[in-house]
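K.L.:
Once you've had a glance at the structure underneath, I'll fire off some questions.
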Amino acid sequence: MPAWAVRTDGIAIAVRVTPRASRESLAAGTAEHFVARLTAPPVEGAANAALRPLVAKTFGVAPRAVIIVAGDTARLKRLQIRGDVTTLAQIAARLYEAAP
């Protein structure tokens, strides 16, 4: 799967999570995934709980619109972001255009 793909009710993204980072960020990674750096530790769902609001803020949606579809306990996760397909796809593309 590429880093992001358009779906009928939003977009799907692949994210590689790095817990216990010094600051939180979501940015372009490789062609296969975004990179999320989270200050939360990878215990008892803390990193997943921090990932949803970070992705929601980046894409301008409510946290309830971000769903972890796969990889609940893994570093590589697949997420569904529900919302306006065009807007979400533009934000995802913009993140990759801004990548160094």
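K.L.:
What is the number of the single condition among (1) modelled with pLDDT under 95; (2) exposed (fewer than 13 other Cβ atoms within 10 Å of the Cβ) that residue 76 does not meet?
P.N.:
The one condition residue 76 does not meet is (1).
K.L.:
Then there's this: Being within 13 Å of the chain's Cα centre (by Cα), more than 11 Å from residue 13 (Cβ to Cβ), surrounded by 15 or more Cβ atoms within 10 Å (Cβ to Cβ) and not small (Gly, Ala, Ser) is the requirement here; does residue 61 meet it?
P.N.:
On the way: within 13 Å of the chain's Cα centre (by Cα): yes; more than 11 Å from residue 13 (Cβ to Cβ): yes; surrounded by 15 or more Cβ atoms within 10 Å (Cβ to Cβ): yes; not small (Gly, Ala, Ser): yes.
When the stated conditions are applied, residue 61 passes them.
K.L.:
Identify, please: which residue in region 46-74 is part of a helix (DSSP H, G or I) and of a type in the set (S, T, N, Q) and is, among those, farthest from residue 18 (Cα to Cα)? Reasoning before the result, please.
P.N.:
Of the residues in region 46-74, the ones part of a helix (DSSP H, G or I) are 46-59, 63-65.
Next, from what is left, pick out any that are of a type in the set (S, T, N, Q): 48, 58.
Working: 48: 11, 58: 17 Å.
It comes out as 58.
K.L.:
For residue 79, are the conditions met, namely being assigned to a strand (DSSP E or B) and not acidic (Asp, Glu)?
P.N.:
Values: assigned to a strand (DSSP E or B): yes; not acidic (Asp, Glu): yes.
When the stated conditions are applied, residue 79 passes them.
K.L.:
Considering each of 7, 16, 20 in turn, give the residue that is charged (D, E, K, R), touching a residue at least 40 places away in the same chain (Cβ under 8 Å), in contact with a helix residue (DSSP H, G or I) (Cβ under 9 Å, 6 or more places away or on another chain) and surrounded by fewer than 20 Cβ atoms within 10 Å (Cβ to Cβ). So that I can check it myself, show each step before the final result.
P.N.:
On the way: 16 fails: in contact with a helix residue (DSSP H, G or I) (Cβ under 9 Å, 6 or more places away or on another chain); 20 fails: touching a residue at least 40 places away in the same chain (Cβ under 8 Å).
One residue alone meets the criteria, 7.
The values are calculated or read from the model by the stated rules, or taken from the named source; none is laboratory data. Computed from a prediction, not measured in an experiment: that's the story for all the values here. All Cβ positions, even for glycine, are placed from backbone atoms using ideal geometry, and neighbour counts span all protein chains on display.
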